[in-house]
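Notes to accompany the following structure.
The values are calculated or read from the model by the stated rules, or taken from the named source; none is laboratory data. Model, not experiment: these values are computed from the prediction. Cβ atoms come from the backbone with ideal geometry, glycine included; neighbour counts cover every protein chain shown.
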Amino acid sequence: MAALETKNIRNIALLGHGGSGKTILAERMIHACGMTNRIGTLAEGSTVCDFNPDEKEKQHSIDATPAFITHKGTHINLIDTPGYPDHVGSIFGALDAVETAVIVINAAAGIEVNTRRVWKEATRAGLARMIVVARTDHENVDTQKIFGQIREQFSENCLALNLPVGQAHDFAGVEDVLALSESPADVVGDLQSAHDQLVEAVVEADDEVMEKYLETGEVEAGQLSCVTAKAVASGRVVPVLFCAAEKDLGVSQLLDAIVNFAPSPINGKIRRLAAEEGEGQPIEPTAQGELYAQVFKMVTDPFVGKLSFLRLFCGTLTHDTPIYNQRSEKTEKIGILLRLQGKEQKTVDTAIAGDIIAIPKLENVQISDTFTQPGAKAVLAEIAFPKPMISLAVEPKSRKDEQKLTPSLAKLADEDPTFEVRRDAEINQLVVSGMSDLHLETMLGRLKSRFEVEVTTSQPKVPYKETINKPSGAHYKHKKQTGGRGQFGEVYIKIEPMERGSGFEFANEVVGGAIPGQYLPAVEKGIREAMGRGVIAGYEFIDVRVRVYDGKHHPVDSSEAAFKIAGSKAFQAAVLEAGPVLLEPIVDIEIVVPNKYMGDITGDVNSRRGRIMGVEAEGDAQIIKAQVPLAEVMTYSSQLRSITGGEGSYTMAFSRLDVVPSKIADQIRAQFKGHAEEE
């Protein structure tokens, strides 16, 4: 077998909404290239790419799964990605590892919410794009209509590379637009018109070819193929292809299109080294260059250990090549290199620039880590992942799980950057965060199945804050006599509000030694502890300036403990006279829904004390931008799914703190008072 060359590599990610047919398409492509002996099905749980137990149970992809095939002498790394927004995180790692996004659309369902998102993300990532209209043989399919929607909602650059012969139950295959053979009677669409439109678009990618075309009206077949590849790589043309993978119709034509028109690592997206400002230095994808590789996916198995997936952008790796992790500043020994076909592993001797490879048992590795040769300094930019939006507080179900809980959760977080684990000191809870309630359910299910750790969950507390809105003052005398040495300390303070985000300021304005200097740190400590506990509702106190201006001490009975208590009590008394208020986090939320749900969603946002900040149209969808209190959207994922039947998606990020309305604040304070009395 000839040695693999970078120019003969194609890296593609299969993207699309859940149920679009990505996994079945991958299965047929793998089988068509002779990589498997039988064709797996979702119903049997026997597909190459959906091999995890939870994927088999749910019959849809949860992880981005790499596989590889060889077609007409070209090595194709394909990554089958999940289609539901709940598991969108792994898509971002896949996009960073490939040159081409193959976006799969269910012909019967049309363009769905996650289809729009992956189109946008692939475009933002600067990838070449292809569109596959799958399941063209299903009932009530109108291929001309779906093609029109693609061009209207995505881009006029989306042009047919083949046209369906028949549709719905009559779908019998596809006809090549570029080659323009004699059109079958039942081809759906105008083949000549599609050919002319495609040729006119692709020649614009090359000035010399365009000039010749304008002069003669013709382009040689070989030259046309080359310039089409150039047009696809630049994004001037987005080929649209039709198929019915389950009947093996259109699959071989898709494989040909990937080989002929998808860019190799040499002429695809330019990767650059990270830079503090502007664009970093471009990396030339050559096997002879200095090593640059990046981790884009990780899997942690309690028996096999950690498996790291790397995309090589430059250089060559062998099983005995030492590699240097720029983040951990440690040199690692590889041991073996693997290609993965789903769960099946194949050992390889060498990996070159442009390839995707897996390495087991690398220590202290994280997604986005850059590997280089020892001594190199430059790194690749970190992969940008969306921020998790839904949180749950977790506790071990039994005492035997206490020690295993945190490290097991950390291993799951290592392989999914959209799953976060933190100990929230403000609310004293272990909190996990994810993209949706279904995402968290999946991750906690893996916690049980992989690590045998079970947890109980609850909604985390809202991280309210306390502050004041006017100045005040107070004093407190702590005096206690117990028969021996007593306790004495008296403190006079003034407090005033500060700007949001200012924190805490302590000022010593004591004159004449009324409070000896050695006791002032104790006063400050008492005030800080009172702020940590909260005064009116048990939440952290923020944005206040405290001035200590007078006091009294006793030469025998005064102590640090006495002044600490006096400082704490004086602060609490001053707060009650300073118009104390509760603050709540406000989030910016962006909701994407089909037009038909616009009224329902805006009404729902208003009912949650939200403010609509703007609405934008995007095809047949609406993007609603609003600001809403976090307390009102803690479980918004399930509620949005209920309103829109799963067709809506959203993102949110912290905006600011704002005053809680008095009626709601009174309820929170009453709850705190009730708990305090019980204790």
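Tabulated values for the structure
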| quantity | calculated |
| --- | --- |
| Residue 453, sole failed condition from (1) assigned to a strand (DSSP E or B); (2) free of Cβ contacts under 8 Å to residues at least 60 places away in the same chain; (3) not basic (Lys, Arg) | (1) |
| Top-ranked residue in the range 147-192 [being closer than 22 Å to residue 129 by Cα and surrounded by fewer than 14 Cβ atoms within 10 Å (Cβ to Cβ); ranked as farthest from the chain's Cα centre (by Cα)] | 179 |
| Single condition residue 55 does not satisfy, out of (1) out of contact with any Lys or Arg (no Cβ under 6 Å at 6 or more places or on another chain); (2) in a loop (DSSP other than H, G, I, E, B); (3) not basic (Lys, Arg) | (2) |
| Boolean, residue 588 is in the same structural domain as residue 471 (by TED's automatic domain parsing), acidic (Asp, Glu), part of a strand (DSSP E or B) and in contact (Cβ under 8 Å) with a residue 60 or more places away in the chain | no |
| Subset of the range 584-622 that is surrounded by fewer than 14 Cβ atoms within 10 Å (Cβ to Cβ) and of a type in the set (Lys, Arg) - its residue that is farthest from residue 116 (Cα to Cα) | 611 |
| Single residue of the range 16-52 satisfying the filter (more than 24 Å from the chain's Cα centre (by Cα), touching a residue at least 12 places away in the same chain (Cβ under 8 Å) and in a helix (DSSP H, G or I)) that is farthest from residue 118 (Cα to Cα) | 32 |
| Verdict on residue 254 being of a type in the set (A, V, I, L, M), part of a helix (DSSP H, G or I), buried (at least 22 other Cβ atoms within 10 Å of the Cβ) and assigned by TED's automatic domain parsing to the domain that holds residue 178 | yes |
| Residue count for the range 61-99, restricted to those that are within 12 Å of the chain's Cα centre (by Cα) and part of a strand (DSSP E or B) | 0 |
| Scan of the range 230-247 for residues that are closer than 21 Å to residue 268 by Cβ and out of contact with any Pro (no Cβ under 7 Å at 6 or more places or on another chain), ordered by number | 230, 231, 234, 235, 236, 237, 238, 239, 240, 241 |
| Boolean, residue 125 is in the same structural domain as residue 65 (by TED's automatic domain parsing) and at positive phi | no |
| Residues located in the range 626-669, provided they are out of contact with any Asp or Glu (no Cβ under 7 Å at 6 or more places or on another chain), modelled with pLDDT under 85 and in a strand (DSSP E or B) | 649, 654 |
| Those residues of the range 170-191 which are part of a helix (DSSP H, G or I) and within 13 Å of residue 250 (Cβ to Cβ), in sequence order | none |
| Residue within the range 457-465 that is modelled with pLDDT of 95 or more and either aliphatic (A, V, I, L, M) or over 30 Å from residue 407 (Cα atoms) (or both) present | no |
| Unmet criterion (only one of (1) assigned to a loop (DSSP other than H, G, I, E, B); (2) touching a residue at least 60 places away in the same chain (Cβ under 8 Å); (3) hydrophobic (A, V, I, L, M, F, W, C)) for residue 362 | (2) |
| Test: residue in the range 395-411 that is in a strand (DSSP E or B) and at pLDDT 90 or above | yes |
| Some residue of the range 335-352 being farther than 21 Å from residue 69 by Cα, touching an Asp or Glu at 6+ places or on another chain (Cβ under 8 Å) and assigned to a loop (DSSP other than H, G, I, E, B) | no |
| Search result, residues across the range 516-552 that are touching a helix residue (DSSP H, G or I) at 6+ places or on another chain (Cβ under 7 Å), in a loop (DSSP other than H, G, I, E, B) and not acidic (Asp, Glu) | 535, 536, 537, 538 |
| Qualifying residue in the range 309-328 (condition: in a loop (DSSP other than H, G, I, E, B) and of a type in the set (A, V, I, L, M, F, W, C)) | no |
| Number of positions in the range 351-360 that are surrounded by fewer than 21 Cβ atoms within 10 Å (Cβ to Cβ) and at pLDDT 95 or above | 0 |
| Selection count, the range 374-383, where residues are assigned to a loop (DSSP other than H, G, I, E, B) and either at pLDDT 90 or above or in contact with a strand residue (DSSP E or B) (Cβ under 6 Å, 6 or more places away or on another chain) (or both) | 6 |
